[in-house]
Structure formats: structure tokens, C-alpha cells
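Encoded as C-alpha cells, the structure appears first; notes follow it.
The values are calculated or read from the model by the stated rules, or taken from the named source; none is laboratory data. For clarity, every value in this text was computed on a predicted model and none was experimentally measured. Glycine gets a Cβ as well: all are built from the backbone with ideal geometry, and neighbour counts include every protein chain shown.
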Amino acid sequence: RADGLHKLTTTLAATYGTVVVEDLNIKAMMANRRLARHIADAGWATLRRQLEYKTAWHGGRVVVADRWFASSKTCSSCGAVRPKLPLRVRTYTCQHCGLSLDRDLNAALNLQQYVARSGRQTLNGRGADRKTTPVVAGGCEAITPHHFGGSDGDRRPATADCNTSTR
């Protein structure tokens, strides 16, 4: 499971600039005896944690949809919300506009609109749509501020200029 989660989150973070996850009520979902073992085995907390730090590495972001956002019950076309939608109903059909499509596709479209309302999104996982500041090679990055010299304890204060030598 750990290997699968790492591969999935790495692929998602590298491919997409914005990843949307829903803040689900896992405790309530565990009350369903038929799904409890599968939900517990999925490792959703680990998935979310890995997505958050890996998207940051790649210049993207994770958007967390509110727990009470009805992504499955809301029509992605007209915005009408159904009061109930049992899990066994796999096709969403809007009673107002007549839209009919897969339940998960409808939820995905609603989450896409949720991100669009929340603000700017990155176009890809590598942050290529953002400007980066140029860095001059040969700077302080090769030297750690706490250990500048050999193993004999030759140290300089962290505020010292990295281009000056102590020898």
C-alpha cells in the first residue's frame, strides 16, 4: 500500500498543478459495515499528507473542498442540489435541467468549479506558469551555516558572508 500511495501521489503532483481533495467524514463512513474495512485500508490520511508536500515540491497546490460541499448532489450544469442521493445511484440526473451523467464525473466537474471560484490555479505540476527568480551559481547553497570547515571544529557564525574565507 505504501508503495502504491507514493507512486500515485508522485504522479498526481508531477502531472497536475492543482489537486482537489474532499475533506470527508471518515468516522461516519466507517459506520457502514460493508465499507469500513476498505475505507480503513485505503490510507486516505497518508494520501492527503503526501499530496500536500509533493505538490509543494512541484510548485502546485492542494485545494481541500469543505466537508459540507455537496459535490455529488449538486448539478454541475444548473447548480440545483438534490436532497438525497444514495450511493447505489451511479448516474446523476438533474430534476431541474435534465442533465444526466456519471455521478463521479458530475462530482469532478463540481470540484473543478469549486477551484475556479477559490482563485488562481497552476497550469502544471512543475510550476512552469510562475516566474522564478534567477540564482547565481556558486552561492552559499553548498555550505551549511553550522559547519563550514573540516572535522576539527572550524566554524563560523551563521551570519558570516559565504564568499569570505576563514583560512
> Can you tell which of ALA70, ALA14 is among the hydrophobic types (A, V, I, L, M, F, W, C) and either buried (at least 17 other Cβ atoms within 10 Å of the Cβ) or touching a strand residue (DSSP E or B) at 6+ places or on another chain (Cβ under 6 Å) (or both)?
Replying inline: ALA70
> Can you tell me how many residues in the stretch 8-46 are assigned to a helix (DSSP H, G or I), within 25 Å of ARG117 (Cβ to Cβ) and modelled with pLDDT under 90?
Replying inline: 1
> From the list LEU105, LEU123, which residue is more than 12 Å from ALA70 (Cα to Cα) and at pLDDT 90 or above?
Replying inline: LEU105
